[in-house]
Amino acid sequence: MRNFNEELMVYSKSLGVDLFGVAELSSAKSFIEKQGGPHVAGFPRAVSLGMRLLDDVVDQLVNHGDLVTISTYRGLYMAVNAALDRAALLVAKRIQDEGFRAYPLPASSMLNNEGLEASFSHKVAANLAGLGWVGKNCLLITLEYGPRLRFATVLTDAPLTTGSPIKNRCGSCTLCADICPSKAIRGRAFNSDEPRDVRIDASLCDMYTENRIQTFGDVNCGLCVYVCPHGNKRKKPS
Ligand code: SF4
Ligand code: SF4
């Protein structure tokens with residue numbers, strides 16, 4: 001019997017996607033509507049597509065004031081976003097060709113130049129699809145690659161089999177809070193009942209990033225990606 005999930009996963013992987021999952025969105029509908037409006041919130045499911053960053057580039061982020069490191073990270077970030085956007089488009093076309101609705105949301109779905117508002121949280125879709133948990137750094141942490149990925153999403157009504165969220169494995173680790181130069185990360189475990197501000201003061205990260213933009217251009221320091229032991233081949237999670 002035909003398995004459309006399997007077909008889409010194999011197709012996604014042929015496009016360079018490393019992690020593929022499908023989320024049932026009803027539990028997050030009001031949050032999604034608040035962020036992206038009624039059209040975005042009108043889809044029952046989401047295909048979550050994750051693409052890895054390159055370890056050798058992320059491992060260099062410990063030198064986050066070095067110009068070669070910064071320009072390489074920025075180039076990688078943009079290239080992975082572009083590759084993900086292409087993959088999301090082609091997956092959406094494949095879904096549409098089967099007679100279903102498909103609405104691709106790009107890897108960077110910011111609504112304004114300040115980058116403070118997004119039309120959709122790829123993290124919510126990836127979490128509900130079972131690809132990872134929300135870490136103390138507020139990033140999606142996957143078992144396979146930690147936070148070393150970027151995500152794009154295709155909203156759809158295709159009758160795909162959905163995953164379910166996995167256990168949070170941050171435990172007593174506070175490495176991301178300890179290393180954060182702006183002290184934005186507070187070291188508090190994710191709780192879906194609490195607002196994000198309890199875990200991270202985004203304004204501190206934004207201010208720190210703004211200073212870096214003046215000096216280096218448009219890229220954050222990435223230390224909270226670099227330091228996470230999940231996905232870091234040089235460190236084992238405790
Ligand atoms: S990008 Fe840098 S400043 Fe911002 S939260 Fe991560 S470690 Fe902190
Ligand atoms: S560095 Fe530690 S606390 Fe932070 S997200 Fe990774 S596992 Fe969780």
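Here, each number is a calculation from the coordinates, and none is a lab measurement. The model shown is predicted, which means the values in this text are computed figures rather than measured ones. Methodologically, a virtual Cβ is constructed for each residue, glycine included, from the backbone with ideal geometry; neighbour enumeration extends over all protein chains shown.
What the table below lists for this structure:
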| item | result |
| --- | --- |
| Spin-label pair S192/K93, simplified geometry with 7 Å Cα→Cβ offset, distance in nm | 3.5 nm |
| Residue-span extension gain [R2 to R169] - 0.36 nm each, minus C-alpha spacing | 56.6 nm |
| Furthest towards positive pole of dipole, L84, P106, F190, structure part the range 61-218, Cβ charges | F190 |
| Residues whose placed amide H lies under 5 Å from that of A102, excluding near-sequence neighbours | none |
| 22 Å Cα-Cα threshold exceeded, pairs from K34/K167; K29/K123; K13/K123; K136/K183 | K34/K167 |
| Theoretical gain in end-to-end length, S26 to L67 [0.36 nm per residue, Cα-Cα removed] | 10.4 nm |
| Spacing of the two label points (7 Å from each Cα toward its C-beta) at M78 and D18, in nm | 2.1 nm |
| Three-way shape label, the chain, alpha-carbon gyration tensor, a/c 1.5 | prolate |
| Nonlocal amide H pairs with G21, under 5 Å, H built at 1.01 Å | S48 |
| Ellipticity estimate at 222 nm from DSSP helix runs (n ≥ 4, -39,500 (n - 2.57)) divided over the chain, nearest 500 | -10500 deg cm²/dmol |
| Relative contact order %, the chain, counting alpha carbon pairs below 8 Å whose residues are six or more apart | 23 percent |
| Gain in span if fully extended, A202 to K233, counting 0.36 nm per residue against the direct Cα distance | 8.3 nm |
| Whether the range 7-75 is rounded, prolate or oblate, judged on the alpha carbon gyration tensor where a/c under 1.5 counts as rounded | oblate |
